[in-house]
Number of protein chains: 2
Amino acid sequence: MRQIKAYELAGLPVQLNPEHIPERPPVQDLCFYFDAELAQITELLPGKKVIIITDEIVNQQLSHKFPDYPVISFPSGEEHKQQSTVDQVIKKLIGLEAGRDCFLLGIGGGVVTDITGYVASVYLRGVSFGLVPTTILAMVDAAIGGKNGVDVGVYKNLVGSIRQPSFLFYDYSVLSTLPVSEWVNGFAEVIKHACIKDALLFAELERYTLHDYQQDPSLVSDLIEKNAAIKNSVVIVDEMENGERKLLNFGHTVGHAIENLHQISHGHAVSIGMAAACNLSEKFSTLHFEEASRIIRLLARYHLPVDIETDHTRVFEVLRMDKKRIRNEVNFILLSRIGSASVTPIPVELLQHHLKEIL
Amino acid sequence: MRQIKAYELAGLPVQLNPEHIPERPPVQDLCFYFDAELAQITELLPGKKVIIITDEIVNQQLSHKFPDYPVISFPSGEEHKQQSTVDQVIKKLIGLEAGRDCFLLGIGGGVVTDITGYVASVYLRGVSFGLVPTTILAMVDAAIGGKNGVDVGVYKNLVGSIRQPSFLFYDYSVLSTLPVSEWVNGFAEVIKHACIKDALLFAELERYTLHDYQQDPSLVSDLIEKNAAIKNSVVIVDEMENGERKLLNFGHTVGHAIENLHQISHGHAVSIGMAAACNLSEKFSTLHFEEASRIIRLLARYHLPVDIETDHTRVFEVLRMDKKRIRNEVNFILLSRIGSASVTPIPVELLQHHLKEIL
């Protein structure tokens, strides 16, 4: 088990801001534990009243690895990332008489880590928590950065907060039970990181196949840690998404608009969103045709969709409610080349105008 | 209209901590506007997409004073301080296409200010808000300090956060429609402030009657500003309730346990809670019999109850879930004399043992 403080993982010599609001853990205090085994987690939590929060599938598949703490589980799937699930978890916490000294341990994919973080933000006005991501997507993206929340109907993550966990705990052995569809799901965010931040990673992804990563534990652990480092380096300098962090929304504006509308996986939605963003980048002449083509091909190579038959009017209706909208503009992420992205405010009418051509 | 920054109202020469997490307004940036008129509020919000959040009674009585902004209202009463009300407000915000640039203006009593603050904390992961308290209780206590949230069944404020509004806006003319029961309700918190912090205020309250305050606008505005200053001075040095702020929970441990159990007003519950805390303070020999008697008499003088016939077993069950419980102890607020309080951790078993004698 290797412990790395977030500021070290970001390559910073010291903690950025030692002053912080108590009970709201500062991002640089976040610890990453790589190469760990779930059984070791008790060492990090001596004497704490730990409660595991998970979903029913993870509970079924991994509970034999869980340490001996009470478990709260809820039905699996994005359709349960709703306030009603949060309400149920809170009722169960009350049933367990969980006080401010409790510690919530979220074990699962992005839905579990989002729900756990959100419950920890509001239960008793805030309690401590840690996360054990069990999917590629949660390991490289969803569990990192403190964003949490629930959907409201078709609107993704419309309610939530930003609150950092005490730690992120990586046990790669859990990936052995991960279905292929979940590998594909996670690689959408890996490709996103490569597109906006890391041309070398992009080249690596072009060199290998999904099968290679599935077969080679050291290749995949290296990939996960590389991607955790990319996400962490962005979050640590811009936790509240006032600048740099916006770039991580590449593919997510159109992606979020279609995800719940079509009830497709997050990775599929983001992949289609990235393709649309590439098309728009090309249209605005910020991205060269050949680079856009390389991205589309890489997505396809990892079995990700790059197009969808949809009702553009309904997509636009959901897109209007995007959290990135300020007045009548959406902060859209465009690419200038592979490895380099920028935020461009685009009037919603212009977006509506182009929607049929890019999606 | 007088504007006072929170750090000035606290008598501090400068802002305490200029570094802050963006999108989470620091407590010292909070502005108080006293002696204001609701019509003037538009001056503070030029160009903002303001949405008023209020309850049906306030909407009925004061909407003629409201500036011309869209209004979201919900049924009045503590029984509606529940997640379902938050869910409804959020759905209406979506209906209004409220983006991150919106500004929520909560106009009402403590339930409205709590719901508004909570919605502002979680909607789109946080939007700006301001509060216009319309009851004595909200003006002297509930609206100040950033604590927000909802009840979960009988458990008071079990879910919520701490987030400061941009401003607090005091229009004393709204008090003309306030029923006597609401005056009584508010004076419970005024007496609490006197008990824990201000012996001179206590003496003033002994000199006057509720009727005096109701009849004399300058007397009541002076009282409100004095109490806002007391609450603010505590919050500004201990926003997250790690020390000093705990004292404000005087009367609230037993008070919260009986409030929703008996469906009595917050002021009545806190008054009974303060009487119980005085009894316990006497029992532990921290408070002299004569001082305890003066407090009981003052509560009665302001038409507040000091006793209740209750099921002590059920009270204890609710009390066990108190947010101030850490492991097996509740941080109980005891008095040493009028104007001076302290935090004393009391084992829950000991509290259970004494409950019948103090309540």
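Considering only the stretch B:157-171, how many residues are within 11 Å of another protein chain (Cβ to nearest Cβ) and under 21 Å from residue B:182 (Cα atoms)?
1
Of (1) away from chain A (no Cβ under 14 Å); (2) in contact with a helix residue (DSSP H, G or I) (Cβ under 8 Å, 6 or more places away or on another chain); (3) β-branched (Val, Ile, Thr); (4) farther than 28 Å from residue A:322 by Cα, residue B:51 satisfies all except one. Which?
Only one criterion is unmet by residue B:51, namely (4).
Within the bounds of the stretch B:129-148, is there any residue that is over 21 Å from residue B:333 (Cβ atoms), away from chain A (no Cβ under 14 Å) and over 16 Å from the mean Cα position of the chain (by Cα)?
yes
Do we have residue B:52 as under 30 Å from residue A:147 (Cβ atoms) and open to solvent by less than 50 Å² (accessible area, probe 1.4 Å) here?
Considered against the rule, which asks whether it is under 30 Å from residue A:147 (Cβ atoms) and open to solvent by less than 50 Å² (accessible area, probe 1.4 Å), residue B:52 comes out as yes.
Of the residues that make up the stretch A:303-310, is at least one surrounded by fewer than 13 Cβ atoms within 10 Å (Cβ to Cβ), free of Cβ contacts under 8 Å to residues at least 12 places away in the same chain and closer than 28 Å to residue A:181 by Cα?
The answer is yes; a qualifying residue exists.
Please state which of the following conditions residue A:79 fails to meet, knowing it meets all the rest: (1) closer than 27 Å to residue B:124 by Cβ; (2) within 13 Å of chain B (Cβ to nearest Cβ); (3) surrounded by fewer than 19 Cβ atoms within 10 Å (Cβ to Cβ); (4) not basic (Lys, Arg).
Exception for residue A:79: condition (2).
Quick check on residue B:275: is it at pLDDT 95 or above, surrounded by 23 or more Cβ atoms within 10 Å (Cβ to Cβ) and in the same structural domain as residue B:332 (by TED's automatic domain parsing)? Before you say what the answer is, go through the steps one by one.
Numbers: at pLDDT 95 or above: yes; surrounded by 23 or more Cβ atoms within 10 Å (Cβ to Cβ): yes; in the same structural domain as residue B:332 (by TED's automatic domain parsing): yes.
Against the criterion (at pLDDT 95 or above, surrounded by 23 or more Cβ atoms within 10 Å (Cβ to Cβ) and in the same structural domain as residue B:332 (by TED's automatic domain parsing)), residue B:275 qualifies.
When the stretch B:169-216 is examined, which residues are found to be within 21 Å of residue B:144 (Cβ to Cβ) and open to solvent by 30 Å² or more (accessible area, probe 1.4 Å)?
B:172, B:173, B:182, B:197, B:198, B:200
Could you pull out the residue among B:132, B:112 that is assigned to a strand (DSSP E or B), open to solvent by less than 10 Å² (accessible area, probe 1.4 Å) and modelled with pLDDT of 95 or more?
On the way: B:112 fails: assigned to a strand (DSSP E or B).
Answer to the selection: B:132.
Filtering the stretch A:318-340 down to residues that are open to solvent by 20 Å² or more (accessible area, probe 1.4 Å) and part of a strand (DSSP E or B), which residue is nearest to residue A:230 (Cα to Cα)?
Filtering the stretch A:318-340 for residues that are open to solvent by 20 Å² or more (accessible area, probe 1.4 Å) and part of a strand (DSSP E or B), the one nearest to residue A:230 (Cα to Cα) comes out as A:340.
If you check every pair at least six apart or on different chains, which have Cβ atoms under 6 Å apart with a residue in the stretch B:209-237 that is touching a residue at least 40 places away in the same chain (Cβ under 8 Å) and in the same structural domain as residue B:249 (by TED's automatic domain parsing) first and a residue that is open to solvent by 10 Å² or more (accessible area, probe 1.4 Å) and of a type in the set (Ser, Thr, Tyr) second?
Sorted first by the residue in the stretch B:209-237, then by its partner, the pairs are B:221/B:172.
Checking the condition under 24 Å from residue B:221 (Cβ atoms), buried (at least 19 other Cβ atoms within 10 Å of the Cβ), out of contact with any Phe, Trp or Tyr (no Cβ under 7 Å at 6 or more places or on another chain) and at pLDDT 90 or above, which residue from B:62, B:44 passes? Quick ask: steps written out before the conclusion?
Numbers: B:44 fails: out of contact with any Phe, Trp or Tyr (no Cβ under 7 Å at 6 or more places or on another chain).
Answer to the selection: B:62.
What are the residues in the stretch B:278-304 that are out of contact with any helix residue (DSSP H, G or I) (no Cβ under 7 Å at 6 or more places or on another chain) and among the aliphatic types (A, V, I, L, M), if any?
Hit for the stretch B:278-304 is B:300, nothing else.
Identify the single condition in (1) surrounded by 15 or more Cβ atoms within 10 Å (Cβ to Cβ); (2) at pLDDT below 80; (3) more than 24 Å from the chain's Cα centre (by Cα) that residue A:22 does not satisfy, given that it satisfies every other one.
Residue A:22 satisfies every listed condition except (1).
In the stretch A:159-233, which helices (runs of 4 or more DSSP H) lie fully inside it and hold 2 or more residues that are farther than 22 Å from residue A:264 by Cα and touching a Phe, Trp or Tyr at 6+ places or on another chain (Cβ under 7 Å)?
Details: elements: A:180-197, A:199-207, A:210-215.
By residue number, A:180-197.
Are any residues in the stretch A:250-268 part of a helix (DSSP H, G or I) and either open to solvent by 20 Å² or more (accessible area, probe 1.4 Å) or over 30 Å from residue A:326 (Cα atoms) (or both), and if so, which ones?
We begin by selecting, within the stretch A:250-268, every residue part of a helix (DSSP H, G or I); these are A:252-262, A:266-268.
Answer for the stretch A:250-268, where residues must be part of a helix (DSSP H, G or I) and either open to solvent by 20 Å² or more (accessible area, probe 1.4 Å) or over 30 Å from residue A:326 (Cα atoms) (or both): A:256, A:260, A:261, A:262, A:266, A:268.
Please tell me if residue B:154 is open to solvent by less than 10 Å² (accessible area, probe 1.4 Å) and within 14 Å of chain A (Cβ to nearest Cβ).
no
With at pLDDT 95 or above and either over 16 Å from residue B:154 (Cβ atoms) or hydrophobic (A, V, I, L, M, F, W, C) (or both) as the only criterion, which of B:292, B:257 stands out? So that I can check it myself, show each step before the final result.
Working: B:257 fails: at pLDDT 95 or above.
Only one candidate passes the filter, namely B:292.
Looking only at the stretch B:83-99, filter to residues that are part of a loop (DSSP other than H, G, I, E, B) and buried (at least 19 other Cβ atoms within 10 Å of the Cβ); which one of those is nearest to the other protein chains (Cβ to nearest Cβ)?
Checked the stretch B:83-99; the qualifying residue nearest to the other protein chains (Cβ to nearest Cβ) is B:99.
When the residues of the stretch B:287-335 are narrowed to those that are β-branched (Val, Ile, Thr) and within 14 Å of chain A (Cβ to nearest Cβ), which ends up farthest from the chain's Cα centre (by Cα)? Break it down into steps so the answer makes sense when it comes.
Step one: of the stretch B:287-335, the residues β-branched (Val, Ile, Thr) are B:295-296, B:306, B:308, B:310, B:313, B:315, B:318, B:326, B:330, B:333.
If we keep only those that are within 14 Å of chain A (Cβ to nearest Cβ) as well, we get B:318, B:326, B:330.
On the way: B:318: 20, B:326: 23, B:330: 21 Å.
The residue in question is B:326.
The values are calculated or read from the model by the stated rules, or taken from the named source; none is laboratory data. What you see is a predicted model; the values in this text were computed from it and never measured. A quick note on method: Cβ atoms are made from the backbone with ideal geometry, for glycine too, and the neighbour counts reach across all protein chains shown. The accessibility values were calculated without ligands, DNA or RNA, using every heavy atom of the protein model including side chains. Shrake-Rupley method; radii C 1.70, N 1.55, O 1.52, S 1.80 Å.
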